[in-house]
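Presented below is the structure to which this report refers.
The values are calculated or read from the model by the stated rules, or taken from the named source; none is laboratory data. Source: prediction; values computed, not measured. Methodologically, a virtual Cβ is constructed for each residue, glycine included, from the backbone with ideal geometry; neighbour enumeration extends over all protein chains shown. Quick note on the areas: whole protein, heavy atoms, side chains included, nothing else; ligands and nucleic acids left out. Shrake-Rupley method; radii C 1.70, N 1.55, O 1.52, S 1.80 Å.
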Amino acid sequence: MSKRFADFFIPTFIFIFTLAVYTITLSRSVYFGDSGEYITVAKILGIAHPPGNPLYTLLAHLFTYLPVNGLPFRVNLFSGLTSSLTALLVYFICFKLTKNLLASVIASLILSFSYLFWLYSLVAEVFSLNNLFISLIIFISLLYFYNPKKLTFFYLLAFVLGLAISNHYTIFLLLPALSYLFLKIEPKKFLSPKTLILATFSFSIGLLPYLYLPIRAFQNPLVNWNDPDTLEKFLHHILRKDYGIFFFTSGPQNPLNLEVLTFYFKSILSHFTPVGVLLSILGIYFALKQKIIVVFLLIIFLFLGPVLILQSRLPYIGNIDINGILEILFLPSYLVIAIFIGLAIAGIRTILPKFSFRLLPFILMAFVLTLLFLNFPKVNQRQNFIYQNYGQTTLESLPKNSVVFVVGDKLSMISKYLQIVEGQRRDIKIILIDFLALKWYQDNLKNLYPNFSFPFEKFRSSKISQIEAGQIICQEIIAKYPTFIENIYEGFTPNNNPYCTLQPYNNLWRLEKKEYQNTPAILISQYENYWRPKVAELSGNKPQDFRTRAILLYAYSQPLTILGMQLEGDFHLTELAYQIYNDAFSISNDNALSLHLIARKYIRQKNYQKAIETEKQSIKIDHKLPQPHKTLGFLYLELGNKIEAKESFKKYLKLAPPEETQEIEKLMKTL
């Protein structure tokens, strides 16, 4: 193979092959998370949640014009394209460092078909574009390092940095590594006034996409977060003051949680396999001759891996929704792991005997193909319509002119897409209750639902409590509109709200007047007409990804479990309740509560061993759920095992609210 042909054919192959695989497995619908909002703002040129991601919005908007498939597919394809370009850049980075075609190809393909990188190449999110910018910045930095006299690379890097920041703020975490690399070149050269002025100008040009936010805010689009049409509101939005400056959460209320690092390193081991992890470690060893480059890459890994994860201050408690949010943060550091794998393969080739040298390409391609075939069924989103179907069936099940108060992303993100883009059920008002005191949000609601009669003036104070908000809603809204909440909210619990009562309504809660009395016939009708078809539809789904699993758990399995609890607790329909608990677990085997409730049936039958096994399985799913530990304690006491009973009660006391522990505290004294 001639050098000229290889230089063209191999990069072209990587790009076309990865893009073909991504297109085959690409999501044809809206994925859980922020995808519903990103697809919507891409279509209507709206303003996404802070920091607004203007570059992503503008580029994704171009994909909405593609004459193929549906809108979600077109915007999702943008992620596939940017991931294929990232794979291409990883190939060029590795080749720049190793001059080894095989090592560069294999490193690129291992990254491309690693589980997490592949998954987020298939859905509308900002992370694939972020990966592209990180790899591009690394590549340009290497070009400048090896050609320090060409200041063009330095100016290009400044421009790309600005452009990348207009997509995602994790780019700031590259600055320590870039500073180290440049200080190793000729610091006097790029610290000269002329160079700094030109670099600053280039960086500023890269930031120009941020002008989109105030320009579009003036036009009042249907999605207009923070309405950033003034300097104050613009800075509030791009600095993420609602979430915490620059990164992911508001942070200070959560201490540093080292448990997230355990999850991170376990994920690396799972996504790259032990072979990939070993290769990446060997890559560091083999590259020690290029000490500056190794340190540069290690600093990037440190800041885009452990530092990013720890500073996010997200609590890792085994919750699958939190897991899904956390693992997104792992993606940037995976690029560095892939580069180290390339360095390892190049190093291994130099020490292998001739016979093994010939076998190496076949062994490595076998490893890549193994990753491809093992991960294909895990990541394949082609037939995953679970989240979009959840939104559609939820809206379809509601009475005309309903109002639904929500907290979080579950219903709010998909309803934006369905109502604004698809035009479905525009009569239904979906309201983020925590945002009701914000003027920009009130203006958004008036723009989206112009005929909605709501006492906005009573929510002008930012100091209004959840309880006060719930009481206002129950007094002034439920008489006008069928009113629902997505989750049990402090302002609507019986102890806090004397004006209304909560009643299960399919996968939501309906707010009724206080005197309303539910009947078993109504609940059984919900089970027969809404839930049994859902059980038949969903029980065969066993998705691997955390975000889809979270929808099955929180949008279906848990609400069904609560229906069973009400039938059992209020109407003593025990056998039907146990059938419902089993149905709930068949929808989501992440539902620890349903297993705990199933265990009670075995206790009634005095099948204590089966009850213990079931409670242990429940704890394995969610070790933070207190009730199974308490039940295990009593089961061990029944069997005469006081040591195990005490251990279970101790765990219960650590997890349960203080107001619920008095009985066990007294019992522990007797033990």
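Remarks
- Taking the criterion of being surrounded by fewer than 21 Cβ atoms within 10 Å (Cβ to Cβ) and hydroxyl-bearing (Ser, Thr, Tyr), the residues of the range 393-423 that qualify are 393, 397, 402, 412.
- Taken together, the residues in the range 651-671 that are under 30 Å from residue 550 (Cβ atoms) and open to solvent by less than 90 Å² (accessible area, probe 1.4 Å) amount to 6.
- Within the set 194, 149, the sole residue that is modelled with pLDDT under 95, in a loop (DSSP other than H, G, I, E, B) and open to solvent by 60 Å² or more (accessible area, probe 1.4 Å) turns out to be 149.
Per-residue answers, yes or no, for (1) acidic (Asp, Glu); (2) touching a residue at least 40 places away in the same chain (Cβ under 8 Å):
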site	(1), (2)
117	no, yes
120	no, yes
125	yes, yes
140	no, no
145	no, yes
167	no, yes
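- Condition check for residue 125 on (1) part of a helix (DSSP H, G or I); (2) open to solvent by less than 10 Å² (accessible area, probe 1.4 Å); (3) not polar (S, T, N, Q): one failure, at (1).
- The residue that is farthest from the chain's Cα centre (by Cα), counting only those in the range 19-30 that are open to solvent by 10 Å² or more (accessible area, probe 1.4 Å) and either farther than 14 Å from residue 70 by Cα or among the hydroxyl-bearing types (Ser, Thr, Tyr) (or both), is 20.
- Residue count for the range 131-140 satisfying the condition of being surrounded by fewer than 24 Cβ atoms within 10 Å (Cβ to Cβ) and either under 30 Å from residue 270 (Cα atoms) or modelled with pLDDT under 95 (or both): 4.
- Residue check for residue 139: farther than 23 Å from residue 81 by Cβ and assigned to a helix (DSSP H, G or I): no
- Condition broken by residue 588, with the remaining ones in (1) among the polar types (S, T, N, Q); (2) more than 26 Å from the chain's Cα centre (by Cα); (3) crowded, with 18+ Cβ neighbours inside 10 Å satisfied: (2)
Matching residues to (1) touching a Gly at 6+ places or on another chain (Cβ under 9 Å); (2) open to solvent by less than 40 Å² (accessible area, probe 1.4 Å); (3) outside any loop (DSSP other than H, G, I, E, B):
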| site | (1), (2), (3) |
| --- | --- |
| 425 | no, no, no |
| 453 | no, no, no |
| 469 | yes, yes, yes |
| 487 | yes, no, no |
| 491 | yes, yes, yes |
| 498 | no, no, no |
| 515 | no, no, no |
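- Being open to solvent by 30 Å² or more (accessible area, probe 1.4 Å) and at pLDDT 90 or above is true of residue 292.
- Within the range 427-440, being open to solvent by 20 Å² or more (accessible area, probe 1.4 Å) and outside any strand (DSSP E or B) holds for 427, 434, 435, 437, 438, 439, 440.
Residues checked against (1) over 17 Å from residue 566 (Cβ atoms); (2) touching a residue at least 24 places away in the same chain (Cβ under 8 Å):
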| site | (1), (2) |
| --- | --- |
| 453 | yes, yes |
| 464 | yes, yes |
| 477 | yes, yes |
| 484 | no, yes |
| 495 | yes, no |
| 503 | no, no |
